[in-house]
Structures are given as structure tokens and as C-alpha cells.
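This report refers to the structure that appears directly beneath it.
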Amino acid sequence: MRDIEDIGSIIGSVVDRMGINSKLHTSSVFNHWQEIVGKEIAERSRPRKLVSKTLHISVVSSTWANELSLMSDDLISRINAFAGEEVVKKVRFRADL
């Protein structure tokens, strides 16, 4: 008789074999933006795309772009801590939200 495996371990092994673990971590940044940056920042910004470890973020105004630019190192640390790996090295802000 076969031992029964739980679905979580089966999915985990499939994710590992397919090499999509990093992509799942990356997508979690987009799906959990408010949890990562907090309500105030999330209300005024949205992550748009991640290209070559540069996260492009839309913000409501150039003032917010400047403010968040000053917080870049902290935001990068929060994002990578949430993802559990280095998914972002740089952030770029654009006032187009």
C-alpha cells in the first residue's frame, strides 16, 4: 500500500522541478503590495513590472515619486524580505497613476 502524501508537498516538489519558485516569489510582491509597503504607500503606488530585478512602480504624483525614491533602500529590503529572496535590486518610480 502506498503512503499518502499531502498536497502541499506534492505541489512544492512540482514547483521545484519546474523551476518556477522564483516566479512565485516575484508574483507575491504584486499580489501583496499593501502588506509589504503599508496602507499609506499602497494607496498612492502600484508595482507595474519587474524587469532585470528593477521594479517599476507607478505613483500618484512626482512628489510621491521623490518621497519613495528617498525610501528606496527600505522598500527594496521589505520587498526582498517578503519574497524570501532577492527579487529586486532597484526601484524606478513614475508619476502616472
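Points to keep in mind about this one:
- Residues (closer than 12 Å to Ile79 by Cβ and not acidic (Asp, Glu)) located in the range 35-44: Ile36, Val37, Ile41
- Selection status of Arg2, surrounded by 13 or more Cβ atoms within 10 Å (Cβ to Cβ) and either out of contact with any Asp or Glu (no Cβ under 6 Å at 6 or more places or on another chain) or modelled with pLDDT of 95 or more (or both): no
- Subset of the range 28-52 (residues that are within 15 Å of Phe82 (Cα to Cα), touching a residue at least 24 places away in the same chain (Cβ under 8 Å) and surrounded by fewer than 18 Cβ atoms within 10 Å (Cβ to Cβ)): Ser28, His32, Glu35
- Once the range 72-95 is narrowed to residues that are hydrophobic (A, V, I, L, M, F, W, C) and free of Cβ contacts under 8 Å to residues at least 24 places away in the same chain, the residue that is farthest from Ala42 (Cα to Cα) is Ala81.
- Filter pass, Ser69 being of a type in the set (Ser, Thr, Tyr), modelled with pLDDT of 95 or more and outside any helix (DSSP H, G or I): no
- Ser61 vs. criteria among the polar types (S, T, N, Q), closer than 18 Å to Ala95 by Cα and either loosely packed, with under 14 Cβ neighbours inside 10 Å or without any contact (Cβ under 8 Å) to a residue 60 or more places away in the chain (or both): yes
The values are calculated or read from the model by the stated rules, or taken from the named source; none is laboratory data. The shown structure was predicted, so the numbers you read here are calculated from the model rather than taken from an experiment. A quick note on method: Cβ atoms are made from the backbone with ideal geometry, for glycine too, and the neighbour counts reach across all protein chains shown.
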